[in-house]
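K.L.:
Quick one: structure below, then a few questions.
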Amino acid sequence: MGAKQLLTVAILLAACGSAIAADPGKLTIQVDKPGAAISPTLYGLMTEEINYSYDGGLYGELVQNRIFQNVPPAPRGGRGGRGRGAAAAPASAPAPTPASAPARPIGSLAHWSVYTSGGGAGTLALDQEQPVNSGALKTEVRLDITAAGGQTGLANDGFWGIPVHPDSQYRANFYARSGNGFSGPLTVAIVGNDGTIYASAKVDSVGQQWQHHTVTLKTGKVAPTADAKFVLSGGSKGSLWFNLVSLFPPTFHGRVNGFRPDLMQLLDNMHPAFLRFPGGNYVEGQDFANRFNWKETIGDYSQRPGHESPWRYRSSDGMGLLEFLEWCEDLKMEPVLAVYAGYNLDRTSVPAEDYPRYAQEAVEEIEYVMGDKSTRWGAQRAKDGHPEPFKLHYVEIGNEDNLGAGMGTYDARFAVFAQAIRAKYPQLELISSAGDRPLKTVQPDLQDEHHYPSSVGASLALANSFDKRPRTGPKVFVGEWATRIGNPTPQFSAAMADAAFMCGIERNADLVKMFCYAPLLVNVSDLADRQNGSMQWPSDMIGYNALTSFGSPAYYVEKMFYTHKGDRVLPIVELTPQTPGGALPGTNQDLPPLYSAASRDDKTGDVILKVVNTREGAQQMTLSFAGASTIRKDAIGEILSGPADAVNTIADPLHCVPQKLEIHDAAPSFVHEFPGMSVSVIRFKTR
Ligand code: AHR
């Protein structure tokens, strides 16, 4: 240890020592006078197609560019025309594609290459000679095999590799036809980049007309790897055409077109109450043509053309409206449906005379979600495989309409959408996407506020902000929150600051009805290139590559809060923290050193106490439970602590995770020490 480090330790010890020597601080909970009910849907998830969240993430598909439409997006300046804090520009009608704009290519071979082994040879090209259908599958790939004997095929490199799991069953499916004398079987295989065949099956013959084939591939006792590709190959000379080439690993609950199990399990472990989808910017789209046009995301996926996500890559829309709802169903979450509200990130709004048309689209979307089979769109949902309506209580109109030029038209757009929705579904609660900007005409039930502080200090400055907020406006939905320190996923200090903010949310449960972190997911495979890599937005809750995943410290903090959500606020009537030294860089000594919230679990009678000590020094606190007839001496909970820069990674996924917390001397009034830089959630038994 160098002299500088020794000095730091000495200062820290002095700081801790003085804190411990001082009188304990005081935290008193009024147990017998519960305050507001805490919303059963306080804690949920927010999601959109960003950072390869679905394609290359939660959506199980392993083939990238399965319908050969991943054409690189046209260049544009920065992240669209809006951006946080961008000046308002006049809104206008959606711009038609200028006549001078270069024609879009018919498709792309991105992520596809020629595969040969044992002397095979051939070429790949795109063509539109004989489309599978006139909608999404207009462009197919043509494989010309020019040498017999070996194997020649097309290979897909997946989303940064094709994951090979041991003893697993994969479902491959594709359209194929043959010509120019091709004869013999087609081999479908998962092949290592070193040539190892991990799984393989044969289709005996391929006819000259399009046919849909489904093949099962089974791996054996192999070591997991993602250094592999998916290959379709033949051994005879001739031609083969393919479209919609798909490969799914085992999915969560075995759903066809389903979801990646490890990610679903991480999310399920949080017990989220709702899912806000499909955005975020993704609902608005970079431009009108690329908005979340829900009708193009339903039905058989051979009918889904996909579209460009505002985050500069193409979405297959395999994760469509019904899949979002099934995700909700699988994890017992309520959908919080964000509808396209006539405004795009390029600052264009649809013309005012068209507001009713898009409001009607939103009403139809709601009918698809919650209408019974006798309704037009409920019947469509039944046809798509889900006869039972979904429960829906919340609809958000647009996204971040307080930014860019959105506010210029939002009042008028919100009014038209709200009136149309309320006329048919008066029971729904409508959410404004304009942050805390008040609306002038029609009022929302809730307003969605987004906060992305980039330092602990900035987060802590917001942590107590709801305590002072007047109760005269709509209820609050914090629809996007993250303390953005850490790349690709947040470090411990960010999680600790999140926890301080969430304490403020719980204390103000009469006002704040919902909260979720954003973004939820990030593929960490290629972080170097922000434009074309796997991440567009750093500081995301859960990271993964093709093979494995991990929760960040922020994930674990949210999980602690979500799984220990009380039913009623218990007022903290006295809070006098100790003031140890060690305020983190980016904060200052004037910010409170300790944040807390208390609640009651109605079923068990437990008092749930959450305490965040943001200082490096420990804080001893006298915890008192005013009005409690019994506090049992044994209390349990969880504690997350760490150095500020502690992170979890693919290589070390459990580096910073909560530890069990046990107290054996709890009493109606007793002293407990909260370690420096820690988040504690403790359940005290009152029965
Ligand atoms: O969460 C990332 C982006 O941040 C969302 O798409 C948008 O709503 C916000 O600006």
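The values are calculated or read from the model by the stated rules, or taken from the named source; none is laboratory data. It should be emphasised that the depicted structure is a prediction, and the values quoted were computed from it without experimental measurement. Neighbour counts are summed over all protein chains in view; Cβ atoms, including those assigned to glycine, are modelled from backbone coordinates with ideal geometry. What goes into the accessible areas is simple: the full protein's heavy atoms, side chains included, and nothing from ligands, DNA or RNA. Shrake-Rupley method; radii C 1.70, N 1.55, O 1.52, S 1.80 Å.
K.L.:
So in region 367-395, with the set limited to residues that are in a loop (DSSP other than H, G, I, E, B) and without any contact (Cβ under 8 Å) to a residue 24 or more places away in the chain, which one is surrounded by the fewest Cβ atoms within 10 Å (Cβ to Cβ)?
P.N.:
SER374
K.L.:
Give the residue, chosen from ALA461, ALA494, that is within 19 Å of GLN589 (Cα to Cα), open to solvent by less than 10 Å² (accessible area, probe 1.4 Å) and in a helix (DSSP H, G or I).
P.N.:
On inspection, the qualifying residue turns out to be ALA494.
K.L.:
Still on this structure: Would you confirm whether any residue within region 309-326 is open to solvent by 20 Å² or more (accessible area, probe 1.4 Å), over 18 Å from the mean Cα position of the chain (by Cα) and either within 16 Å of the ligand (Cβ to nearest atom) or without any contact (Cβ under 8 Å) to a residue 12 or more places away in the chain (or both)?
P.N.:
Narrowing region 309-326 to residues open to solvent by 20 Å² or more (accessible area, probe 1.4 Å): 312, 314, 316, 326.
Narrowing further to those that are over 18 Å from the mean Cα position of the chain (by Cα): none.
The answer is no, given that none of the residues of region 309-326 is open to solvent by 20 Å² or more (accessible area, probe 1.4 Å), over 18 Å from the mean Cα position of the chain (by Cα) and either within 16 Å of the ligand (Cβ to nearest atom) or without any contact (Cβ under 8 Å) to a residue 12 or more places away in the chain (or both).
K.L.:
Given the conditions (1) on the phi < 0 side of the Ramachandran plot; (2) surrounded by 21 or more Cβ atoms within 10 Å (Cβ to Cβ); (3) small (Gly, Ala, Ser), which single one is not true for SER183?
P.N.:
For SER183, the exception is condition (2).
K.L.:
Still on this structure, please answer the following. Restricting to region 336-366, name every residue that is in a helix (DSSP H, G or I) and not aliphatic (A, V, I, L, M).
P.N.:
Those that are in a helix (DSSP H, G or I) and not aliphatic (A, V, I, L, M): GLU353, ASP354, TYR355, PRO356, ARG357, TYR358, GLN360, GLU361, GLU364, GLU365.
K.L.:
Then there's this: Looking only at residues in region 38-71 that are over 10 Å from the mean Cα position of the chain (by Cα) and among the hydrophobic types (A, V, I, L, M, F, W, C), which one is farthest from the ligand (Cβ to nearest atom)?
P.N.:
PHE68
K.L.:
Residues in region 540-560: is at least one away from the ligand (no atom under 16 Å from the Cβ), surrounded by fewer than 24 Cβ atoms within 10 Å (Cβ to Cβ) and farther than 22 Å from GLY57 by Cβ?
P.N.:
yes
K.L.:
Can you name the residue in region 123-144 that is touching a Phe, Trp or Tyr at 6+ places or on another chain (Cβ under 7 Å) and among the β-branched types (Val, Ile, Thr) and is also most open to solvent (accessible area, probe 1.4 Å) among such residues?
P.N.:
Filtering region 123-144 for residues that are touching a Phe, Trp or Tyr at 6+ places or on another chain (Cβ under 7 Å) and among the β-branched types (Val, Ile, Thr), the one most open to solvent (accessible area, probe 1.4 Å) comes out as VAL132.
K.L.:
Looking only at region 434-470, filter to residues that are without any contact (Cβ under 8 Å) to a residue 40 or more places away in the chain and of a type in the set (S, T, N, Q); which one of those is farthest from GLU284 (Cα to Cα)?
P.N.:
Out of the qualifying residues, it is SER465.
K.L.:
Next up: Which residues, counting only those in region 579-608, are surrounded by fewer than 21 Cβ atoms within 10 Å (Cβ to Cβ) and at pLDDT 95 or above?
P.N.:
Selection gives ASP601, ASP602, LYS603, THR604, GLY605.
K.L.:
Has region 322-338 got any residue that is at pLDDT 95 or above and closer than 25 Å to LYS138 by Cα?
P.N.:
Filtering region 322-338 for residues at pLDDT 95 or above gives 322-338.
Restricting the remaining residues to those that are closer than 25 Å to LYS138 by Cα gives 322-323.
Yes - at least one qualifying residue is present in region 322-338.
K.L.:
Among (1) within 12 Å of the ligand (Cβ to nearest atom); (2) open to solvent by 10 Å² or more (accessible area, probe 1.4 Å); (3) under 19 Å from ASP448 (Cβ atoms), which single condition is LEU520 missing?
P.N.:
(2)
K.L.:
Kindly indicate whether any position in region 345-356 is open to solvent by 50 Å² or more (accessible area, probe 1.4 Å) and without any contact (Cβ under 8 Å) to a residue 12 or more places away in the chain.
P.N.:
yes
K.L.:
Taking region 609-632 on its own, how many of its residues are surrounded by fewer than 18 Cβ atoms within 10 Å (Cβ to Cβ) and either within 32 Å of the chain's Cα centre (by Cα) or among the basic types (Lys, Arg) (or both)?
P.N.:
Adding up the residues that qualify gives 1.
K.L.:
Let me ask something else. Which of (1) assigned to a loop (DSSP other than H, G, I, E, B); (2) crowded, with 18+ Cβ neighbours inside 10 Å does GLY153 not meet, given it meets every other one?
P.N.:
(1)
K.L.:
Sort through SER493, SER454, SER465, SER525 and tell me the only one that's within 16 Å of the ligand (Cβ to nearest atom), of a type outside the set (A, V, I, L, M) and on the phi < 0 side of the Ramachandran plot.
P.N.:
SER454
K.L.:
Across region 425-451, which residue is farthest from the ligand (Cβ to nearest atom) among those that are part of a strand (DSSP E or B) and open to solvent by 40 Å² or more (accessible area, probe 1.4 Å)?
P.N.:
That would be GLU429.
K.L.:
Looking only at region 406-424, which residues are surrounded by 24 or more Cβ atoms within 10 Å (Cβ to Cβ) and within 16 Å of the ligand (Cβ to nearest atom)?
P.N.:
Within region 406-424, GLY406, TYR410 meet the criteria.
K.L.:
Looking only at region 329-339, decide whether some residue is surrounded by fewer than 21 Cβ atoms within 10 Å (Cβ to Cβ), within 16 Å of the ligand (Cβ to nearest atom) and more than 21 Å from MET264 (Cβ to Cβ).
P.N.:
Checked region 329-339: no residue is surrounded by fewer than 21 Cβ atoms within 10 Å (Cβ to Cβ), within 16 Å of the ligand (Cβ to nearest atom) and more than 21 Å from MET264 (Cβ to Cβ).
K.L.:
List pairs: first residue in region 31-50 and under 22 Å from VAL395 (Cβ atoms) and among the basic types (Lys, Arg), second residue within 16 Å of the ligand (Cβ to nearest atom) and at pLDDT below 95 anywhere in the structure, Cβ distance under 6 angstrom, at least six positions apart or on different chains.
P.N.:
Final answer for the pair search is none.
K.L.:
For region 470-485, enumerate the residues that are more than 15 Å from the ligand (Cβ to nearest atom) and either open to solvent by less than 10 Å² (accessible area, probe 1.4 Å) or not hydroxyl-bearing (Ser, Thr, Tyr) (or both). Write out each step before concluding.
P.N.:
Start the filter on region 470-485 by keeping residues that are more than 15 Å from the ligand (Cβ to nearest atom), which leaves 470-476, 485.
Passing the criteria: PRO470, ARG471, GLY473, PRO474, LYS475, VAL476, ILE485.
K.L.:
Quick check: is even one residue across region 227-246 in contact with a helix residue (DSSP H, G or I) (Cβ under 7 Å, 6 or more places away or on another chain) and open to solvent by 20 Å² or more (accessible area, probe 1.4 Å)?
P.N.:
no
K.L.:
Right, another one. All but one of (1) in contact with a Ser or Thr (Cβ under 8 Å, 6 or more places away or on another chain); (2) surrounded by fewer than 23 Cβ atoms within 10 Å (Cβ to Cβ); (3) modelled with pLDDT of 95 or more; (4) of a type outside the set (Gly, Ala, Ser) hold for TYR282; which doesn't?
P.N.:
The failed condition is (2).
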